[in-house]
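Worksheet for the structure shown next.
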Amino acid sequence: MDAFLNDAGIREILEHPYLRLNVLAVRCKGLGASDKMLPLTLGLGLAVFANLIRRKYLNLFFERALFYDPRDTPPFFEMDEFPIRRIPLDPQNIRPALTASGSIPLVASGVSNIPGAEGMYRDGGVIDYHPDIPFLPENSDDENRIVLFPHYTDRIIPGWLDKKLFWRKPSPSHIKNVLLVCPSREFVENLPYSRIPDRQDFKRFQGHDKERIAYWRSVVQKSECLADEFWEAVQSGKIRERMEELE
């Protein structure tokens, strides 16, 4: 993170004239707050079982942590489905907050005692895998506001533990203003290996880095047409004809 995000980059983020960064993580409770394999695995196993019964029971194991740009209160600041901690971003905590937001349990170590936020923090996807949150406040005066949601699939999976729970869907009230932009399933099926690359490729192509890199570059090249097609649809107004209602 230190190599990726230097002090100049932090200033550019925190002083940007109109863009506001918000980062979601989770604060772990009980066994999940340990970085030792056995208690962490046991804690996650209990969380899986609790989530299977009811999603809200994840609050026994995790709290939401919203690291936000304090210059503007984000419209989802008052989300309350889970206990939440709200921590203003500053030059001291932006790096560990970003690191925590990608610290996948059992894959990477958690991040503890972030400035302004005591405790152990991990990937926010545990609760908000594909954010199922009230992006706009309920009493929003402008019903025409759009939440642009660029995505890699046409399915919104609320939590990381919901990936195989196909009945688990986002709240209809949360997506009423959402415009989901994603590749079609047909496009993905026509990619090499009929899938989008992911971190498992490091295992699939272990010892064959040149093949992995060639595969990734091929997908990037084939995906350029998506950007061109989207831009043409926006410029021509045809995007209205391409929209479908989210299930």
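The values are calculated or read from the model by the stated rules, or taken from the named source; none is laboratory data. Please read these numbers as outputs of a predicted model, since none were measured by experiment. When we count neighbours, we look across all protein chains shown, and the Cβ atoms used for this are built from the backbone with ideal geometry, even at glycine.
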Here the residues within the range 200-247 that are touching a residue at least 12 places away in the same chain (Cβ under 8 Å), among the acidic types (Asp, Glu) and within 26 Å of Pro170 (Cα to Cα) are Glu247
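Condition check ((1) polar (S, T, N, Q); (2) in a helix (DSSP H, G or I); (3) in contact (Cβ under 8 Å) with a residue 12 or more places away in the chain; (4) buried (at least 17 other Cβ atoms within 10 Å of the Cβ)) across all residues:
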position: Ile104; (1), (2), (3), (4): no, no, yes, no
position: Tyr121; (1), (2), (3), (4): no, no, yes, yes
position: Leu161; (1), (2), (3), (4): no, yes, yes, yes
position: Leu165; (1), (2), (3), (4): no, no, yes, no
Expected output for the range 182-196 (first residue over 23 Å from Met243 (Cβ atoms), partner part of a helix (DSSP H, G or I) and among the basic types (Lys, Arg), Cβ below 9 Å, 6+ apart or cross-chain) is Leu191/Lys222; Pro192/Lys222; Tyr193/Arg204
Subset of the range 80-125, residues among the basic types (Lys, Arg) and under 16 Å from the mean Cα position of the chain (by Cα), comes to Arg122
Here the qualifying pairs (Cβ atoms under 6 Å; residues six or more apart or on different chains; first in the range 42-57 and farther than 16 Å from Phe166 by Cβ; second outside any helix (DSSP H, G or I) and modelled with pLDDT under 95) come out as Leu44/Pro105
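Using the structure shown, decide if Arg155 is within 23 Å of the chain's Cα centre (by Cα) and loosely packed, with under 13 Cβ neighbours inside 10 Å.
So Arg155 does not fit the description; no.
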Using the structure shown, decide if Tyr18 is surrounded by fewer than 16 Cβ atoms within 10 Å (Cβ to Cβ), among the hydroxyl-bearing types (Ser, Thr, Tyr) and under 30 Å from Pro70 (Cβ atoms).
yes
Given (1) more than 21 Å from Ile146 (Cα to Cα); (2) among the charged types (D, E, K, R); (3) modelled with pLDDT of 90 or more, Lys238 misses just (1)
Mind checking whether some residue in the range 65-79 is buried (at least 16 other Cβ atoms within 10 Å of the Cβ), within 24 Å of Lys36 (Cβ to Cβ) and in contact (Cβ under 8 Å) with a residue 12 or more places away in the chain?
-> yes
Just one listed residue, out of Asp2, Asp35, is charged (D, E, K, R) and exposed (fewer than 14 other Cβ atoms within 10 Å of the Cβ), and it is Asp2
The residue that is farthest from Tyr57 (Cα to Cα), considering only those in the range 82-102 that are of a type in the set (Val, Ile, Thr) and in contact (Cβ under 8 Å) with a residue 60 or more places away in the chain, is Ile94
Given (1) under 23 Å from Arg168 (Cβ atoms); (2) touching a helix residue (DSSP H, G or I) at 6+ places or on another chain (Cβ under 6 Å), Val23 misses just (1)
